[in-house]
Amino acid sequence: MQADLNWLTDPTVFRVNRLDAHSDHVCYASDGEARLGRTSLRQSLDGMWSFAWSPKPAARPADFWREGFDDSDFGTIRVPGHMELQGYGQIQYINTLYPWDGRAELRPPEIDWEDCSVGSYVREFDLAPGLRGKRVCASFQGAEQAIYVWLNGQFVGYAEDSFTPSDFDLTPYVKETGNRLCVEVYKRSSAAWIEDQDFFRFSGIFRSVFLYAKPVVHLADLWLQAGLETDNATGTLSVRLLLEGEGTVHCRIAHPERGVLFNGGLELAPEGKYLRSQPFRFENIRPWNHGCPELYQVTLTVTAPDGTVTEVVPYQTGFRRFELKNGLMLLNGERLVINGVNRHEWNPDTGRAIGLADMTAAMETFQRNNINAVRTCHYPNQTPWYHLCDQNGIYMMDEANLESHGSWQKLGRVEPSWNVPGSLPEWRDCVVDRARSMFERDKNHVSILFWSCGNESYAGEDILAMAEFFRANDPSRLVHYEGVFHCREFDRISDVESRMYAPPWEIREYLENNPPKPFILCEYMHDMGNSLGGMESYIRLGEEFPRYQGGFIWDYMDQALWRTDRNGRRVLGYGGDFGERQTDYAFSGNGIVFADGTEKPAMQEVRYWYSAPEERARLDAANRRAKQDLSLPTVQVKKSPLRITHGDGALGVRGEDFELLFSYPEGGPVSLRTDGHEWLWRAPRPAYWRAPTENDLGNSFAADSSIWAAADSWQKCGDIQVLEESREKVSVRFTYTAPVLPGLPTDVTYTVEDTGSLTMTVHYHGGPNRPGLPLLGLRFETPEPMERVEWLGLSGETYPDRKRGGVFGWHSEAPHIPAYLVPQECGCHADTRAAVLRARDGSRLILEMADRPFAFSAIPYTPQQLEQAAHVEELPVPVRTVVTLCAAMRGVGGIDSWGSDVEEAYQIGGEEDITFSFRIMV
């Protein structure tokens, strides 16, 4: 057989000579190898390969696979890795639109032959000793999007599906030494129409490649079908095997504490092409769940007829029972609650070519923050991740590599006239094969509770066939698919009612009408930038309605890549930073951790709401006690008569170790000195505006309320009145207006007392037909950056709709902004009793509540500076600290980032009066 380029545009051709998918077990040559975790039956081909990149198929070195071809002018590339991140081709991030949108008029299954880059890979190798004399296969764990394979001048096979293994038998062509493996990787194929995930579009061999040997008797496939009886103490196990060659299998089942449960031969009976063992039943089993992920070690030893051990296969399994009963999902008889997150595989240096260290770091973050579930959005992940989930009790939704978002939803409108796969027969085998490949590889993992048919691909007979495949082969798990929400004709595809970004009130409506299915959010709390407000509303639904069974936050990690900017700095880039068009810019930054794995400020809210109710109650009680026990800063009060100085343009007020200068032309205090230290750069002004968050932009709040940006930037002091003047007290009121908003007076009254107290009172006069306010407060800047800011209030960055996870007490930080990909409103501390600014010379300024707690921020930039910057590195070197004290701060929201408003309780109306006061102890 010869390779055929026409396969690239034929959806019925997705595998040629590719071996059947099989379980992800590892075969060892002996018990000793198994104990060490190093097998001589595998040979890694990871590392540097010879490589040539071509912009289109017509420009590729078409004969590079032939023996004797001179590839001396080839470059090199690292495997695993993406071509684009190693200097070959265009990096591109795009969400729902297809990458070629606006550049080529295509319909499925066409590709643009002028824009389909090709990577030509060459790897020379000698067989390792453990593989010689045996059948030899090659396994490509992941390659985007279509691969052709040759060995020693002979065509081996072709495969699609970027995220499941493609194995090929090399035995007819392999030699002990001097082998030349050649692989063509195409960035585009018909598969591109169903791999339209919201991510950076890469190509290349991005997961490991290895050779593996098949001895004379080989365990080709393994399924440990473990169960748990209703007493939650009796475990059941049946072993299904696929043996190549005649032999026997010995089985040992053991637990680290309970010892050996079984140690003997398997009694194997034919079951189609498989062999089925005798059933096992074990008493006093410890069930597997998140809180107690008990695993039992199963070791299978394969022996040839002559008594030679050919393979040893260890695998961990757990005993659990997952079922849908009376409209509830039950794990081991108890209601399942999903405190989950969606997780793309990501590393800011290597993209989706991640390593074990990345996975381990993610798992540690899960454990710290009470995350108990993960959705492998939107493709099967690397195998080590599944083992980590087994070992750490993380419930998995394993999702097939299928998304055709751009084929049915255009600019937010549902229009499926040319949707794929739909009910098109030519696509059915292809997508069912993707379901099969995932299922066969992952079926042994106890952590998997759901098989997901993919993501955002509408619905039709083809996806229904995927669901029927899962049900026919594995009734022990549920089938998930959200897309039926848009096409109820195929509602039977999914065992659960799954939605994305449904607001709490819509979910309540569903739950109040005796629904037939339990409800989960496969995506919710869109954490784009400064977000994740309003999580409480979703958790409360679960406390009220048993059939609300949780959801998966979108998503785990910002997709951003390290790049070098024009000034030679190493910075994080998002869509559009790499010269690509079309793009969706920073829409790739939705994680609860930044791209480098650092937790975002919102994580403390996740940690709180994903903790057990009793844990939340303990934190709440501790916060209540702390509010009673911790007091405001003490300042020695010394009465000293005020000294008043009248000037032509200013009013000066002096007390013991402090001085205030109220400027008439400036319209406010231009100087506040304590012990000789100056605290004001210019006169404070009423604050109405914040740099829009990405949610503010997405739901049009920033545009709809933009008049407040002008009012904030362009104010006039229209009236100054000295309300009281004595040696005990001086009170001055400044009234500010904004030409852009006639009828807007805001009064700021400064009252200085002989005790050294300066009280500032802000009175906003509401008016009819005004848009909602981003915030209402007072803002000033210090002449130089502050060294530290301390506050008595809640830990971390908090907002009215994202503060329950904060710990009440004294906290301290250097003024800074979090590393959101796009600068925006940030740094707020809600429910603050007192704040202390500390200068580099040791001076301090204490601000405390007068009548009620306030929100404040102390950051290096003004809202105007933040909103003018598209990246953090575009901001200037800090020269001041911007302090904003707020009577009211709008919530950040998080239902989604493209339309849903902040919940009503966390909005600020512009029509009502707002008054608040705070004190400065000078």
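The values are calculated or read from the model by the stated rules, or taken from the named source; none is laboratory data. Fair warning: this is a prediction, and the values are worked out from it, not measured in the lab. All Cβ positions, glycine included, derive from the backbone under ideal geometry; neighbour counts span all protein chains shown. Heads up: the accessible areas ignore ligands, DNA and RNA and are worked out on the full protein's heavy atoms, side chains in. Shrake-Rupley method; radii C 1.70, N 1.55, O 1.52, S 1.80 Å.
For the reader, a short list of remarks on this structure follows.
- Sum of -39500 (n - 2.57) over DSSP H runs of 4+, divided by residues of the chain (222 nm, nearest 500): -4000 deg cm²/dmol
- The phi-based Karplus calculation (6.51 cos²θ - 1.76 cosθ + 1.60; θ = phi - 60°) puts the 3J(HN,Hα) values of segment 712-727 at 5, 7, 10, 10, 10, 8, x, 7, 10, 9, 8, 7, 8, 8, 7, 6 Hz, whole numbers, x for Gly and Pro.
- Taking each residue as 0.36 nm, the span from Q90 to K56 lengthens on full extension beyond its C-alpha to C-alpha distance by 11.0 nm.
- Probe 1.4 Å, accessible area per residue of segment 109-244, Å²: 24
- Compactness of segment 546-655 - radius of gyration and Dmax, Cα, Å: 26.1, 72
- Calculation over all alpha carbon pairs of segment 178-291 in 5 angstrom steps from 0 returns a P(r) of 2, 7, 13, 13, 11, 10, 11, 11, 11, 8, 2, 0 percent.
- Enclosed volume per residue, in Å³, of the convex hull spanned by Cα atoms of segment 112-161: 113
- Between A870 and D704, full extension at 0.36 nm per residue minus the direct alpha carbon distance yields a gain of 57.7 nm.
- From the coordinates of this entry, percent of Cα pairs over 56 Å apart is computed, and it appears in [x] 22; [y] 33; [z] 27 under the label [x].
- In order through segment 833-843: 3J(HN,Hα) via Karplus (6.51 cos²θ - 1.76 cosθ + 1.60), integer Hz, x for Gly, Pro: 8, 7, 9, 10, 8, 10, 8, 5, 8, x, 5
- Applying the Karplus relation 6.51 cos²θ - 1.76 cosθ + 1.60 with θ = phi - 60° to segment 646-659 yields 3J(HN,Hα) values of 9, x, 5, x, 7, 10, x, 10, 10, x, 5, 6, 8, 8 Hz, where x marks Gly and Pro.
- Ranked packing of 902-912, 393-403, most packed first, by mean Cβ within 10 Å: 393-403, 902-912
- Listed peptides 890-896, 465-471, 852-858 by packing density, highest first (mean Cβ within 10 Å): 890-896, 852-858, 465-471
- Heavy-atom surface analysis with a 1.4 Å probe gives the chain a carbon and sulfur content of 48 percent of its accessible area.
- Length-normalised contact order for segment 316-383 - Cα pairs under 8 Å, 6+ apart - percent: 29
- Packing here is the average count of other Cβ atoms within 10 Å per residue, and on that basis the peptides 726-739, 798-811, highest first, run 798-811, 726-739.
- Measure of compaction for segment 777-922 (Cα Rg per 2.2 N^0.38 Å): 1.05
- In plain terms, the chain from E176 to N284 could stretch by 33.8 nm, reckoned as 0.36 nm per residue minus the Cα-Cα distance.
- Amide H partners (placed H, <5 Å) of F199, local residues excluded: I94
- One Cα centroid belongs to segment 327-405, the other to segment 705-736; the line between them spans 54 Å.
- Spacing of the two label points (7 Å from each Cα toward its C-beta) at R570 and V879, in nm: 3.0
- For segment 488-597, taking Cα atoms only, Rg and Dmax work out to 18.5, 60 Å respectively.
- For a label point 7 Å along the Cα-to-beta-carbon line of L632, residues of segment 819-851 with backbone N under 19 Å: 829-838, 844-851
- Average accessible area per residue (Å²) across segment 324-389 - probe 1.4 Å, nucleic acids and ligands excluded: 30
- Members of K187/K410; K214/K443; K639/K716; K273/K443 lying beyond 29 Å, as alpha-carbon distances in this model show: K639/K716
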